[in-house]
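Structure, as structure tokens:
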Amino acid sequence: MRVHVADHPLITHKLTVLRDENTPSPTFRALTEELVTLLAYEATRDVRVEEVTIQTPVTQTTGVAISEPRPLVVPILRAGLGMLEGMVKLMPSAEVGFLGMVRNEETLEPSVYAERLPDDLSNRQCFVLDPMLATGGSLLSAIEYLFARGAQDVTCVCILAAPEGLAAIEKAVEGRDVTIVLGALDEKLNEHGYIVPGLGDAGDRLYGTV
Ligand code: URA
């Protein structure tokens, strides 16, 4: 598994505002989108392309185009939805599938409650969006779900991660092609499964408590 932690002052600046409990939902949503676009640049570094020939106004030349089958972007509902626009802004030709995962707040175990994905993911590069890699349970379920459908490789874009969750995923996906791109790697998980220092409940901060 490859892990890439962003190292850029603009990302750290935006993250700091995101963490601030006084940042209201509209600002939180806008910043999440901006941050994901910056992280998407790194996450798509190995996106598959093929050579194409084009005609400029001056001459014929070669360039590249994103290969078929198109990459699949999979936001994990609900909080991953807040990352979708930022991702497809950078890669508008991607297809989008949805995976709804819910975490039991007592056992912290994830389960799938909704799914809208192509049946066959053979040769697909998949990009999973989930802002908070906490215990890693729901992200791991999503990764396994995609590989079970035939995904070629899975890149996860997360805003924050806890070392415990990252280690759990690393152990579970050993030998498979998984990349995790993070805005920051935080200190730890607390006894309620929250990332510390973190930013609180990402879904609530994006959409309010429902
Ligand atoms: N999910 C969140 O939204 N925040 C955390 O800190 C952990 C899981």
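Please work out if residue 203 is more than 19 Å from residue 42 (Cβ to Cβ), in a helix (DSSP H, G or I) and of a type outside the set (A, V, I, L, M, F, W, C). Criteria met by residue 203. Restricted to strands (runs of 3 or more DSSP E) entirely inside the stretch 62-136, those with at least 2 residues that are crowded, with 17+ Cβ neighbours inside 10 Å are 72-77, 98-103, 125-129. Suppose we keep only residues that are near the ligand (Cβ under 10 Å from one of its atoms) and within 19 Å of residue 107 (Cα to Cα) within the stretch 157-199. Which one would you say is surrounded by the most Cβ atoms within 10 Å (Cβ to Cβ)? Here the answer is 195.
Residue pairs whose Cβ atoms lie under 6 Å apart, separated by 6 or more positions or on different chains, with the first residue in the stretch 162-179 and closer than 13 Å to residue 139 by Cβ and the second assigned to a loop (DSSP other than H, G, I, E, B) and of a type in the set (D, E, K, R), are 162/186. Scanning the stretch 1-57 for residues that are among the β-branched types (Val, Ile, Thr), within 22 Å of residue 91 (Cβ to Cβ) and not in a helix (DSSP H, G or I) yields a count of 7. Just to be sure, is residue 144 surrounded by fewer than 22 Cβ atoms within 10 Å (Cβ to Cβ), away from the ligand (no atom under 14 Å from the Cβ), touching a residue at least 60 places away in the same chain (Cβ under 8 Å) and under 24 Å from residue 107 (Cβ atoms)? Spelling it out, it is not the case that residue 144 is surrounded by fewer than 22 Cβ atoms within 10 Å (Cβ to Cβ), away from the ligand (no atom under 14 Å from the Cβ), touching a residue at least 60 places away in the same chain (Cβ under 8 Å) and under 24 Å from residue 107 (Cβ atoms).
FYI, it's all coordinate maths here, none of it is from the lab. Remember, it's a predicted structure, so these values are computed and weren't measured experimentally. Methodologically, a virtual Cβ is constructed for each residue, glycine included, from the backbone with ideal geometry; neighbour enumeration extends over all protein chains shown.
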